[in-house]
1. Looking at (1) surrounded by 13 or more Cβ atoms within 10 Å (Cβ to Cβ); (2) within 19 Å of the chain's Cα centre (by Cα); (3) not in a loop (DSSP other than H, G, I, E, B); (4) not small (Gly, Ala, Ser), which is the only condition Gln163 fails?
2. Filter segment 174-203 down to residues that are of a type outside the set (Gly, Ala, Ser) and in contact with a Ser or Thr (Cβ under 8 Å, 6 or more places away or on another chain), then give me how many there are.
3. When both residues are 6+ apart or on different chains and their Cβ atoms are under 6 Å apart, which pairs have a first residue that lies in segment 188-214 and is outside any helix (DSSP H, G or I), and a second that is open to solvent by 100 Å² or more (accessible area, probe 1.4 Å)?
4. Please give the number of the condition Ser133 fails out of (1) under 24 Å from Ser195 (Cβ atoms); (2) among the hydroxyl-bearing types (Ser, Thr, Tyr); (3) buried (at least 17 other Cβ atoms within 10 Å of the Cβ).
5. Check segment 79-90 and report whether any residue there is within 10 Å of the ligand (Cβ to nearest atom) and farther than 26 Å from Glu201 by Cβ.
6. Looking at (1) buried (at least 16 other Cβ atoms within 10 Å of the Cβ); (2) farther than 28 Å from Val136 by Cα; (3) modelled with pLDDT of 90 or more, which is the one condition that is false for Asp158?
7. Grab the helices (runs of 4 or more DSSP H) fully contained in segment 19-113, keeping just those with 2 or more residues being surrounded by fewer than 19 Cβ atoms within 10 Å (Cβ to Cβ) and among the charged types (D, E, K, R).
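The values are calculated or read from the model by the stated rules, or taken from the named source; none is laboratory data. Since this is a predicted model, take the numbers as computed values, not measurements. Ideal geometry is used to build each Cβ from the backbone, glycine not excepted, and the neighbour counts take in all protein chains shown. Note: areas computed on protein heavy atoms with side chains; ligands, DNA, RNA excluded. Shrake-Rupley method; radii C 1.70, N 1.55, O 1.52, S 1.80 Å.
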Amino acid sequence: MKSDMYSTFAQQYDAVVQDNIYNALLERPTLQSMLDSVEGKDVIDLGCGSGIYAQYFLAQNARSLTCLDFSDDMVAIVENKFGDKVRTYQQDLSKGLPKEEADSYDLAASPLVLHYIEDLNVVMKEVYRVLRSGGVFAFSTHHPFADFECTTTGNYFDRELVQEEWNTVGEPVQVTFYRRSLTEICDAITNAGFSIVKMSEGQVSEEAKNICEETYERLRKNPNFIFFKCQK
Ligand SMILES: C[S@@+](CC[C@H](N)C(=O)[O-])C[C@H]1O[C@@H](n2cnc3c(N)ncnc32)[C@H](O)[C@@H]1O
């Protein structure tokens, strides 16, 4: 899904996620704690944004790293940062992974991307196809419980396209994403053939207290993201 937040504001997004609460002190520590070392592994980053995970995978000496994103601006940032250390290209993940061969990767990571995709079944099946046997798909997405606050239908089990105004990049930006049930997420994972080996609702780092005590307290007491480690 094309979004101003990730194209017009790509540079601002890159600056903000380095040390903000939601990405740096909640999402990354939680998802990264669920991952094994990628040293010597082939990794694909699905919805790579400005490459903050790319940096993490390269620091661990991944054997190869492929990064793709819907936004050309994000892809350009990753190319500028890492050059030929990373294979990059623009791709709408909702259309699958047509440029990738089967059984090519040990890890597929997709932090905070899947809520922009309407039909998770296509993505799950494609990720399953490109992973080697035993390979891992690790992702985070909006927590269904948290997103239910945005419902307009009042039916938790209906998938809904919802719109919110976020201040992530320092100015208000309208963001649209899909709200869906936990059942829908888990069905897409298991129907593709994956086993869920770990699930987490995340834990905000205590450091967040020093940035905004109110946000820290809210995130300590309420789920915001959900994290899955799935295995082929
Ligand atoms: C919240 S950002 C996360 C970026 C990165 N994974 C991170 O953790 O910093 C969401 C990213 O998903 C990308 N995105 C949204 N819809 C997409 C789609 N259909 N296919 C591929 N990327 C998509 C956006 O362009 C954006 O870069």
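1. Only one criterion in (1) surrounded by 13 or more Cβ atoms within 10 Å (Cβ to Cβ); (2) within 19 Å of the chain's Cα centre (by Cα); (3) not in a loop (DSSP other than H, G, I, E, B); (4) not small (Gly, Ala, Ser) is unmet by Gln163, namely (1).
2. Initially, segment 174-203 is screened for residues of a type outside the set (Gly, Ala, Ser), giving 174-180, 182-187, 189-191, 194, 196-199, 201, 203.
Now drop any that are not in contact with a Ser or Thr (Cβ under 8 Å, 6 or more places away or on another chain), which leaves 175-176, 179, 185, 196, 203.
Selection size over segment 174-203: 6.
3. Ala192/Lys125; Val204/Arg220
4. The failed condition is (3).
5. Quick first cut of segment 79-90, residues within 10 Å of the ligand (Cβ to nearest atom) only: 90.
Next, from what is left, pick out any that are farther than 26 Å from Glu201 by Cβ: 90.
Among the residues of segment 79-90, at least one is within 10 Å of the ligand (Cβ to nearest atom) and farther than 26 Å from Glu201 by Cβ, which makes the answer yes.
6. Looking at each condition in turn, Asp158 falls short on (1).
7. Values: elements: 28-33, 52-59, 72-82.
Result: 72-82.
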